[in-house]
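The values are calculated or read from the model by the stated rules, or taken from the named source; none is laboratory data. What you see is a predicted model, and the numbers here were worked out from it, not measured in a lab. Glycine also receives a Cβ, built like all others from the backbone with ideal geometry; neighbour counts cover every protein chain displayed.
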Amino acid sequence: MTQAVKFCSHAGCRNLIPLTERYCSKHKHEESSRVYFHRKHSGGKYEAFYHSTAWKKLSYQYKLANPMCEACLKRGVIRKVDIADHIVPIKEDWSKRLDYANLQALCIVCHNIKSEKEVKERKKIKLKKY
Ligand SMILES: [Zn+2]
Ligand SMILES: [Zn+2]
C-alpha cells in the first residue's frame, strides 16, 4: 500500500510529506515560530485584555447601568447599548483600561463611526509628523 503524499508547503522545498501535514520535519519548526511571532505582534496585550475576566465584568456592569447608547441619546435617538467603549482608547492610555469614568455605552453603529474616526486621526497625526 502506498501512502498519499504531497510536497512540503515551504516555498521551493521538494520533500514529500503525508497529506495531513503542511510542512516536512525540517520546515515545521520554522512555520510554528512564524505563527507565534504573528500572534505576539497582532493583538498582544490589548486583545488579551478584552478577553480578561476583569474587563468582561466591568463592561457587563457598565452596560447594565447604561442600557442605552450614549451617543445616540445625545441626538434624541433611543438605541440599545452593544459595547462598553473606552473614551480614551487603551492604546493611548493603558492605565485607563479599567477606569469606570473612561467608559461610554455605544451601539455598534456609533462604535464603528468612532473607530473609523480614530483611524483617520491617527493617520493625520502621522502625516503631520513626517
Ligand atoms: Zn520542507
Ligand atoms: Zn449609537
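Observations
- Identity of the residue in the range 1-29, polar (S, T, N, Q) and surrounded by 10 or more Cβ atoms within 10 Å (Cβ to Cβ), that ends up nearest to ligand 2 (Cβ to nearest atom): 9
- Pairs are defined by a Cβ separation below 7 Å, a sequence spacing of at least 6 or placement on different chains, a first member in the range 1-26 that is on the phi > 0 side of the Ramachandran plot, and a second member that is at pLDDT below 90 and surrounded by 11 or more Cβ atoms within 10 Å (Cβ to Cβ); no pair meets this definition.
- Scanning the range 65-80 for residues that are part of a loop (DSSP other than H, G, I, E, B) and either more than 8 Å from ligand 2 (Cβ to nearest atom) or modelled with pLDDT under 95 (or both) yields a count of 5.
- Screening the range 87-113 for residues that are surrounded by 19 or more Cβ atoms within 10 Å (Cβ to Cβ) and over 15 Å from residue 64 (Cα atoms) and picking the one that is nearest to ligand 1 (Cβ to nearest atom) gives 97.
- Only one of 109, 88, 77, 81 that is touching a Pro at 6+ places or on another chain (Cβ under 6 Å) and assigned by TED's automatic domain parsing to the domain that holds residue 49: 81
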